[in-house]
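In what follows, a structure is listed as C-alpha cells, so that the remarks can point back to it.
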Amino acid sequence: MELKELSSLVRELAIMDETDAPFISCYLNLADSDWKNFLENRLHLIKKTWPREQSAEFETSVQQIHDYLSHKIVDTSKGVALFVRAGEEPYFKALQFLVSTENWLDMDTLPSIYNLVQLKDSYHRFVIVLSNKESARILEVNLGAMTEAVWTEKPELRQRVGREWTKIHYQNHRRDRARKHFKEKVAILEQLVAKKQHTHLILAGNPEAMHTFAEQLPKHLKDKLVDLVKVSDKQELSVIIAKTLSAFVEQEQQESMSAVDRLKQTIAKSSLAVCGKDNTIKALETGQADLLVIEQDYPDEADREEIIRLAASASCKIETVKDNESLKDLGSVGCFLRYQLAS
C-alpha cells in the first residue's frame, strides 16, 4: 500500500459513522510467535462483554478475520491490520506490512486508528540511492517495502575490455562514465523528490561512491540527506532496505524530539501553539490545528483515540513521540496552530 493510500484510509476510518454493530480493530505482529494465542485470548474475552443480541454479527466478523489470516497472509509480511464490521453496513479492510506492528485488538462502535497512524508516522516513505564505483540505483521505500526501482543500472562495458579498448582506456572511460551517470542520477532524483515530495534521502553502498554522489547533490537535496549506510554489493536488497530503514527510523525519532522542543518554544514565545487535552481538542475541532504532537504512551487510550480521530478527520499532520518527559509535562499532547485561537 502506498503512503497516499494509507493516509486516505486513515481518514476514511476516522470519519466513519457509528452503527449498532460491533467494529473490530485488530493489529497483529506476525513476527511474534505468540500472535495466534493473543488473538484467540482477546476474542474470547471480548465475546463475553458484548451483548448477546449482537452475537451473530460478532461471530461473522470473527470468521472473516480467521478466513483472511488462514488464506491471505504473504510469507514476507511481518504485520497485519484488519478492520471488520458485520451488520447492515458491513465493512472489511485488511492491510499487510513488511514491518512489525504491536499486537492490539479491541471492539467498539468505531475503528481504532492510533496504531495505524503510529505505523504511518514511523515508517513513511523515503528514497535510497544505492551506489558503487560504477553505477547507482534509485529506490523508493514505502512502509518498509521497496515500491519502485526508479533506475536500474546494468554495466555492459566490461565486455569491451580486451576487444576494442585497452585496459587503461577502459579505466579512464569508466571514471568519466561514472561521473556522468552520477550527474544523471542526481537529475532523476531531483525530479522524483519534486514529484512525490519526499523529505528523506539515504545514500547506501560503497563509501567512496556515496561520498562522490553526495558531493554532487544540490543544497536542497543535501538538506534531505539522513545518513550514509555502508553496504556490500553482494547483500540482498531486503537486507539493504532493513539497514537503511533502521537509519530512517532513528532519524524519525530525532525529528519527533525536535518537534517537542519547537512546541515548547512556540508556546513560550507566541500564541501559535497550545498543549493539554482540552486546548488541543478545541484547536482540532475548530480547524486551527496544523500539526499534532502526541505521546505514544498517552495516559488515556480512549482520549488518545478521540484526539487522533479528530486530527485525521481534519487532515492535520500527526507526530507521535516516544518517552519524552518534556511532552509529558505539557499534558502528553499539544499542537501547532495555523492562527491564534480565539479566547
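The values are calculated or read from the model by the stated rules, or taken from the named source; none is laboratory data. Given the structure is predicted, the values throughout are model-derived calculations rather than measurements. Cβ sites come from the backbone with ideal geometry, for glycine too, and all protein chains shown count toward neighbours.
When region 305-343 is limited to residues that are under 18 Å from the mean Cα position of the chain (by Cα) and in a helix (DSSP H, G or I), the one that is surrounded by the fewest Cβ atoms within 10 Å (Cβ to Cβ) turns out to be R309.
When the residues of region 45-80 are filtered to those that are in a loop (DSSP other than H, G, I, E, B) and among the aliphatic types (A, V, I, L, M), the one that is surrounded by the most Cβ atoms within 10 Å (Cβ to Cβ) is I73. Restricted to helices (runs of 4 or more DSSP H) entirely inside region 183-287, those with at least 3 residues that are within 17 Å of the chain's Cα centre (by Cα) are 237-269. Checking S112, S70 one by one, the residue that is touching a strand residue (DSSP E or B) at 6+ places or on another chain (Cβ under 6 Å), on the phi < 0 side of the Ramachandran plot and at pLDDT 95 or above is S112 and no other. Restricted to region 124-153, and to residues there that are of a type in the set (D, E) and at pLDDT below 80, the residue that is surrounded by the fewest Cβ atoms within 10 Å (Cβ to Cβ) is E148.
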